[in-house]
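Notes follow once the structure below has been shown.
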């Protein structure tokens, strides 16, 4: 025999379900309008044919096949095909930038979370970290030119100190300048989630580790790093996804001489080769999703958040 409480709960359950659906509806609409529909359009265009004058809405895999044409064998110079070489180059940039931003981001977040005792000072220092975001990416990139150029301040300083006899050429419009700009632009995306994870760590755990005889490094490795892995993962996803698709930074800081997947897509778009660019974008999306899937195998974000 059912009790009045159970009957009331059963009667109100559908109402709560309906309310939950209505609450989720605006977010679902935003997701559909700004993610699923554009993605479906890109996937559709990637299957179209084209020529010098028009797009032909006919299903074809020509665009995907042309991207990997000749990739089954090495070139006459012993190199990989253009597509694979470009992906490898982009992944190298991505891995290098990820490692540097992780090191800097973790260090800054650790300092703010555990060495700055005042909440006011934490806020002030955190806001200072966001100062570069008050200007556009292009302005921040261009600001490196007077420093790293052939007649820039760095070269003038090195020559003045007698370190070098002539200006160092690889400081600007090189792989070094591209990585430097990436680190400058995107380290904040690593600092914020790691700092948020560290602020949620129970300080009594650090005291317990100290009482158990752990050194500072042991406490860092055995307590802080495992409890910060959610922030590390989220920051890694931010940095990797942005660097993989970036074309402005590589174009400006590389002097238009360094290829990347994002740069190739931008060039194809500028030449109105939209189906080819769409096919490249779908392949890039698949690669990024595989990287993210691999990262989420290490940490289950749903359980950690």
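Residues of the stretch 184-213 being within 15 Å of the chain's Cα centre (by Cα) and more than 21 Å from residue 230 (Cα to Cα), which ones? Across the stretch 184-213, the qualifying residues are 184, 185.
In the stretch 258-274, of all residues being touching a helix residue (DSSP H, G or I) at 6+ places or on another chain (Cβ under 7 Å) and assigned to a loop (DSSP other than H, G, I, E, B), the one that is surrounded by the most Cβ atoms within 10 Å (Cβ to Cβ) corresponds to 260.
Among the residues of the stretch 155-165, just one is touching a helix residue (DSSP H, G or I) at 6+ places or on another chain (Cβ under 8 Å) and either surrounded by 15 or more Cβ atoms within 10 Å (Cβ to Cβ) or under 23 Å from residue 142 (Cα atoms) (or both), namely 155.
Among the residues of the stretch 286-305, those identified as in contact with a helix residue (DSSP H, G or I) (Cβ under 8 Å, 6 or more places away or on another chain) and at pLDDT 90 or above are 287, 288, 291, 292.
Might you let me know whether the stretch 87-103 holds any residue that is farther than 22 Å from residue 177 by Cα and in a helix (DSSP H, G or I)? The answer is no, given that none of the residues of the stretch 87-103 is farther than 22 Å from residue 177 by Cα and in a helix (DSSP H, G or I).
For the stretch 109-132, does any single residue satisfy the condition of being more than 23 Å from residue 195 (Cβ to Cβ) and without any contact (Cβ under 8 Å) to a residue 40 or more places away in the chain? Within the stretch 109-132 (the criterion being more than 23 Å from residue 195 (Cβ to Cβ) and without any contact (Cβ under 8 Å) to a residue 40 or more places away in the chain), the answer is no, since none of the residues qualifies. Residues of the stretch 45-66 that are part of a loop (DSSP other than H, G, I, E, B), touching a strand residue (DSSP E or B) at 6+ places or on another chain (Cβ under 6 Å) and surrounded by 14 or more Cβ atoms within 10 Å (Cβ to Cβ): 48, 60. Does the stretch 67-76 contain at least one residue that is within 26 Å of residue 234 (Cβ to Cβ) and surrounded by 14 or more Cβ atoms within 10 Å (Cβ to Cβ)? Within the stretch 67-76, none of the residues are within 26 Å of residue 234 (Cβ to Cβ) and surrounded by 14 or more Cβ atoms within 10 Å (Cβ to Cβ). Residues of the stretch 85-102 that are within 14 Å of the chain's Cα centre (by Cα) and buried (at least 16 other Cβ atoms within 10 Å of the Cβ): 90, 91, 93, 94, 96, 97, 98, 100, 101, 102. Within the stretch 197-209, residues that are at negative phi and surrounded by 11 or more Cβ atoms within 10 Å (Cβ to Cβ) sit with their Cβ atoms under 9 Å from residues that are modelled with pLDDT of 85 or more and not in a helix (DSSP H, G or I), at 6+ positions apart or across chains, in these pairs: 197/228; 198/228; 201/228. Looking only at the stretch 110-134, which residues are within 24 Å of the chain's Cα centre (by Cα) and surrounded by 11 or more Cβ atoms within 10 Å (Cβ to Cβ)? Within the stretch 110-134, 110, 111, 112, 113, 125, 126, 129, 130, 132, 133 qualify.
The values are calculated or read from the model by the stated rules, or taken from the named source; none is laboratory data. Values in this document were obtained by computation on a predicted structure and should not be read as measured data. Positions of Cβ are backbone-derived with ideal geometry, glycine not excepted, and every protein chain shown enters the neighbour counts.
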